[in-house]
Every structure is written in C-alpha cells, then in structure tokens.
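The values are calculated or read from the model by the stated rules, or taken from the named source; none is laboratory data. Please read all numbers here as calculations on a predicted model, not as lab measurements. Please note: Cβ atoms are built from the backbone with ideal geometry, for glycine as well, and neighbour counts cover all protein chains shown. For the accessible areas, the whole protein counts, side chains as well, though only heavy atoms, and no ligand, DNA or RNA atoms are used. Shrake-Rupley method; radii C 1.70, N 1.55, O 1.52, S 1.80 Å.
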Amino acid sequence: MIKQFPNTLISSNTTFLKANFRRLLLAGFLFCMAMQGCQKAAEQTKNKELVFVVNLVDDEKKVQEYLNYHKKIWPEVEAGFKKAGYKKITLYRFNKSIVMIVTVPENADLNRMGQVAESYSEKCKAWNALMSKYQVGVTGVAPGQKWAQTEEIYSFINP
C-alpha cells in the first residue's frame, strides 16, 4: 500500500512561504548581488605572466654565490614584492641563463611596481645592486640593460 504525503506538512510549508515570501525574495536578491560582486572582483583581479631572461657572469664561483643568495632571499626583498603587488616570481636556471616568470595584475605597471618594491627598504635596493653584479645582458639588449622581456610564441591550454 502506498502511503500518502501528509497534507499538514504541505500546508505548513505553504503557510511559511506565504508569510516569509518578501524575506526570502530579499535574501535571494542580496545573495545574487553578492555573487555578481564577487564575480566582478574576480574579473578585476585577473593576472598575467611575463617572462624575462638574463645571463650570469662567466665565473663559476660568482654563479654559485648568486645561487646561494637565492636559496635564502632576504625577507625585506620578499616583503617589498608583496607591497608592490607581485603575485608570484619564479626563477629557473639552465647553465648561465636565468628565466624569470613574474605573475602580476593584468593592468600592472612594472616600472612603478619595481619602484614600490625598492622603496620598501634600503635592503631591497641593496639586493638589486648586489644581484646586478652577477648578471649580464642577453644578446640583443640595449647597452646597460640586463633583463630582457620575452615574447610568447606558443601557448597550449587544456581547460
């Protein structure tokens, strides 16, 4: 025998819905607005990756010093990166070549970010000056320039 759903349960839910319709409607509207706001905030904080290359000096002892410094980055340097708004900085090495991938907000001004990072602490400027002694520009950069921004030539994405 099939049991019937109790009518009292249906009528009590209907009474609840009628009594609280405006509250539920307002709550749904506010929830929807909050979700749209979150979605817009997420869209506004899109990031981009930039890739740079530099060579290290042709001196194995200095290359090892450079690598040792990067095993323990000075805390003030990383704090300067945070203050400037860098999202992620990753370095890769092959022999005497360094590849740096920098993740920043899509509308970032890298020159301004660098100034903010260096202004965080005198140690940030000192770090950059020290690291510069180990670096030489790649073929094709302007005189005095060391890091060169690369051009993306291929990308594969599997969503």
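Observations on the structure shown:
- Apportionment of accessible area to carbon and sulfur, the range 39-104, percent (1.4 Å): 51
- Computed Rg/Rh of the range 46-96, alpha carbon atoms with Kirkwood Rh: 1.02
- Computed over the alpha-carbon pairs of the range 81-159, the distance histogram in 10 Å steps reads 14, 42, 36, 8, 1 percent, short to long.
- Once the chain from Asp59 to Phe156 is taken as fully extended at 0.36 nm per residue, the excess over their C-alpha distance is 31.2 nm.
- Each residue, His70 and Val51, gets one label point 7 Å from its Cα in the Cβ direction; the gap between the two is 1.6 nm.
- Here the extension length gained between Arg22 and Lys83 equals 17.4 nm, from 0.36 nm per residue of separation less the Cα-Cα distance.
- Each of Met131 and Leu110 was given a label point 7 Å from its Cα along the Cα-to-Cβ line. The distance between the two points is 1.3 nm.
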